[in-house]
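Below is a structure I'd like to ask you about.
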Amino acid sequence: MAGRGRGLGIAALVAGLLGVVLAGGAFLYGRDAYGTGTMPSQSMAPSYRKGDRIFWEPVDGSEVRRGDVVLFSLPERYKSDGVFVQRVIGVGGDRVACCTTVGSEERVTLNGRPIKEPYVYGGDADGVHRPYDVKVPRGRLFLMGDQRSNAMDSRFFAAEQGGTVPLDAVQGRVTDDRAGPALLGTALLVGGALVLTGVGLGIGFLVVRRRRAPAVPPAPWPVRPV
């Protein structure tokens, strides 16, 4: 019985510590490595529809590339502190223009060449028949939504440096990789299960220890002299 009680105590300690380390490490890493939320509008359909859960990696604006979907905040433009989601079409030094016809399709041109955009809603790369021709300044990005007929993006703010967005407005890059978040979620669940297991084993240890405790004999009655 003594060995069993000691074993329960050690197992409780090991399981609890492993659980705390695993769950705590996953939480701290995930907090810095990923963010999550829901798509607030239809502006990025069909890639991301309103209400879809999205994951993003915190990145600096200088790390994003053409085609990336980014989160950014620009309160002075949108009169809101909210975060917006749009796609990078052009980076500093690029020339973005709309539109040219290729076969039966209208396409945006990047540095004079029509670009393929399989992500645009209904194949409509224009959306609002609002021509533009923008030379993207260094340190800025030209952003558009994938549903071109339903996105308040760079096209509508031409007076503000061609509608471009400064790099420091970018807060993250949307990722479709679910492996990382899934692994972190699994680590949190396993860590939590280990902590609960440790608690259960600890309770068992205390029960066994209580049963092993020797009974304390009653104090003898004092003898009174005759």
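The values are calculated or read from the model by the stated rules, or taken from the named source; none is laboratory data. The shown structure was predicted, so the numbers you read here are calculated from the model rather than taken from an experiment. Quick reminder, even Gly has a Cβ in these numbers, built from the backbone with ideal geometry, and neighbours come from all protein chains shown. With ligands, DNA and RNA removed, areas are computed over all heavy atoms of the protein, side chains included. Shrake-Rupley method; radii C 1.70, N 1.55, O 1.52, S 1.80 Å.
Which one is least open to solvent (accessible area, probe 1.4 Å) among residues in the stretch 100-124 that are of a type in the set (S, T, N, Q) and touching a strand residue (DSSP E or B) at 6+ places or on another chain (Cβ under 8 Å)? First the steps, then the outcome.
From the stretch 100-124, those of a type in the set (S, T, N, Q) are 100-101, 104, 109, 111; that's our starting set.
Now narrow it down to the ones that are touching a strand residue (DSSP E or B) at 6+ places or on another chain (Cβ under 8 Å): 100-101, 109, 111.
Values: Thr100: 47, Thr101: 91, Thr109: 20, Asn111: 83 Å².
If we take residues in the stretch 100-124 being of a type in the set (S, T, N, Q) and touching a strand residue (DSSP E or B) at 6+ places or on another chain (Cβ under 8 Å), then Thr109 is least open to solvent (accessible area, probe 1.4 Å).
Related question: Among the residues of the stretch 129-171, how many are without any contact (Cβ under 8 Å) to a residue 24 or more places away in the chain and small (Gly, Ala, Ser)?
Residues meeting the conditions: 1.
Additional query: Restricting the stretch 125-175 to residues that are of a type in the set (Asp, Glu) and in contact with a strand residue (DSSP E or B) (Cβ under 8 Å, 6 or more places away or on another chain), which is nearest to Thr109 (Cα to Cα)? Outline the logic, then answer.
Looking only at the stretch 125-175, we keep the residues that are of a type in the set (Asp, Glu), and these are 126, 133, 146, 153, 160, 168.
Next, only the ones that are in contact with a strand residue (DSSP E or B) (Cβ under 8 Å, 6 or more places away or on another chain) stay: 126, 133, 146, 153.
Numbers: Asp126: 11, Asp133: 9, Asp146: 15, Asp153: 17 Å.
In this case the residue turns out to be Asp133.
I would also like to ask the following. Does Arg140 meet the test of being basic (Lys, Arg) and open to solvent by 30 Å² or more (accessible area, probe 1.4 Å)? Quick ask: steps written out before the conclusion?
Numbers: basic (Lys, Arg): yes; open to solvent by 30 Å² or more (accessible area, probe 1.4 Å): yes.
Considered against the rule, which asks whether it is basic (Lys, Arg) and open to solvent by 30 Å² or more (accessible area, probe 1.4 Å), Arg140 comes out as yes.
Okay, next question. So which residues in the stretch 72-88 are in a helix (DSSP H, G or I) and without any contact (Cβ under 8 Å) to a residue 12 or more places away in the chain? Walk me through it before giving the result.
Keep residues of the stretch 72-88 that are in a helix (DSSP H, G or I), which gives 75-78.
Hits for the stretch 72-88 are Pro75, Glu76.
Taking Lys79 as the residue in question, decide whether it is modelled with pLDDT under 95 and among the charged types (D, E, K, R).
Values: modelled with pLDDT under 95: yes; among the charged types (D, E, K, R): yes.
The answer is yes for Lys79.
Let's see how each residue does on (1) more than 22 Å from Gly162 (Cβ to Cβ); (2) among the hydrophobic types (A, V, I, L, M, F, W, C):
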position: Arg65; (1), (2): no, no
position: Val69; (1), (2): no, yes
position: Arg77; (1), (2): no, no
position: Ser80; (1), (2): no, no
position: Val85; (1), (2): no, yes
position: Gly92; (1), (2): no, no
position: Gly103; (1), (2): yes, no
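What are the residues in the stretch 89-115 that are at pLDDT 95 or above and either in a loop (DSSP other than H, G, I, E, B) or among the basic types (Lys, Arg) (or both), if any?
Correct list: Gly92, Gly93, Asp94, Arg95, Arg107, Asn111, Gly112, Arg113, Ile115.
Is it the case that Arg65 is out of contact with any Cys (no Cβ under 6 Å at 6 or more places or on another chain), surrounded by fewer than 17 Cβ atoms within 10 Å (Cβ to Cβ) and not in a helix (DSSP H, G or I)?
yes
Taking the stretch 43-62 as the region of interest, how many residues are open to solvent by less than 20 Å² (accessible area, probe 1.4 Å), under 19 Å from Phe142 (Cα atoms) and outside any loop (DSSP other than H, G, I, E, B)?
Count: 1.
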